[in-house]
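Below you'll find the structure, written out as structure tokens, and then a few comments.
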Amino acid sequence: MARSNSLLSLAAASVALLCLTTGPLSFLVPQFCKQAQTTLLSPASASTQGFYANATLQNTLPLQPHWAIASALLAALATRKLNKVGRAAQAKKQKPLRDQVAPENADAVREDRKKGSKNVKGGSKMQRFFSVRNRKFWDFTVWPRTYFKRVWEKKDWMYAVIFGIIHAGAFMAPWYFSWDAFAVFFCGYVITGLGITLSYHRQLAHLSFKTPKVVEYILAYCGALAMQSHPINWVSSHRHHHGATDTANDVHSPKDGFWWSHAGWLLDQKGTWMRVDRSNVDDLSKQWYYRFLQKTYPLHAIVLPIVGLYCWGGLPYVLWGFFARVVWTWHVTWAVNSVSHVWGFQDWNTGDISMNNWLIGILAFGEGWHNNHHAFETSCRHGLKWWQVDQLQVEFVNDVTWYIIKLLETVGIASDLKYPTQAKMKKLSWDSDEAASAAIA
């Protein structure tokens, strides 16, 4: 009740500020504004003493300073009523995801699926490419879900259409190639890619480091431009993944099919039943900024980038700076879920099939050291050794995201950087037991 009263008070203050403005905002509700100005800004009003300075209230009213307008807008946004995610955040915590029972229509029992068990195509051959010693960490057996011959929900079709349009635009990009358009593509890939790895993943999902809120929000906005959903949705799905990694309740395990882990899970609402529970992101859903991004996400991820790029450089900038950039960043990010859970090597006994994959480590700014990450989820550094190639060492750490975090710490922006403890490293190391060997998760 106290929370509701404070919100109502703040909302009333916001409306008052908006109404007092005699500038461009007064056209919204002119009669109400005029009445509010007459009542609240009359010379007899004690609340306005000192407001006018030397101005007199005659036929016109003085223009409010810009900070008042900005404050009113921010206050109005902050006091919007709680949405479904906000209400879900207030719900009671449920039991761990890996212990929950999936709905009957979720196709969760792998051994009962129509396709039966299959081997990942090229499993053993590709392993030679990613592991110098060609060590085997699992048997590449999967139980694929049905991708197409199933009942599609409206949201599945909507996502499929959006994915198709964005990919079609990316395929058109080569016919409009120019080096400046490619530079826009590359810069956009770096900015939005780091927005996902540095902000969405390490800061928001795993709380690996802290920054001032204004910096946190700017970094999160860079991630929002990647068109991989707003922070509340992305972080919730990722936390669900860590809550049940490679089990039947995992939101995108390759044991449900390689292409399922890559992108198929995004097109199956029933198969990803756990995603409707967003109580695991109450730390984000309580913040007005992330609720604002959720409600207005298409504006930031699609409309503003396309309009801005078209005004800047026409169709070539749109095709390269938006369509090609989004598709490339999509598949690099998705490869962390698919490739880095299939091929590579393990330094740590995590009980799953997360792998350290050097190629994805390069393309995804350090996210490819996925076995390291699953061993030490809250660590801001994923590349834990000097250049990792199947435990061969070269003088370079392949973790660009960590370099950026360290740079932010050096200039005093990032703080409370988290790293693996020696005790946990010893506990999870394969080397802690002479008889230890990589288990098939």
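For region 274-290, enumerate the residues that are of a type in the set (Val, Ile, Thr) and over 18 Å from residue 221 (Cβ atoms).
276
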Lone qualifier among 189, 221, 176 - being surrounded by 15 or more Cβ atoms within 10 Å (Cβ to Cβ) and either closer than 20 Å to residue 338 by Cβ or at pLDDT below 95 (or both): 189
Subset tally (residues that are closer than 13 Å to residue 181 by Cα and either within 23 Å of the chain's Cα centre (by Cα) or not small (Gly, Ala, Ser) (or both)) for region 312-340: 12
Test for residue 147: is it surrounded by 15 or more Cβ atoms within 10 Å (Cβ to Cβ), closer than 30 Å to residue 322 by Cβ and modelled with pLDDT of 90 or more: no
Breaking point among (1) in contact (Cβ under 8 Å) with a residue 40 or more places away in the chain; (2) of a type outside the set (Val, Ile, Thr); (3) under 17 Å from residue 229 (Cα atoms); (4) surrounded by fewer than 20 Cβ atoms within 10 Å (Cβ to Cβ), for residue 337: (4)
Odd one out for residue 210, checked against (1) closer than 30 Å to residue 149 by Cβ; (2) surrounded by fewer than 20 Cβ atoms within 10 Å (Cβ to Cβ): (1)
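The values are calculated or read from the model by the stated rules, or taken from the named source; none is laboratory data. Model, not experiment: these values are computed from the prediction. Glycine also receives a Cβ, built like all others from the backbone with ideal geometry; neighbour counts cover every protein chain displayed.
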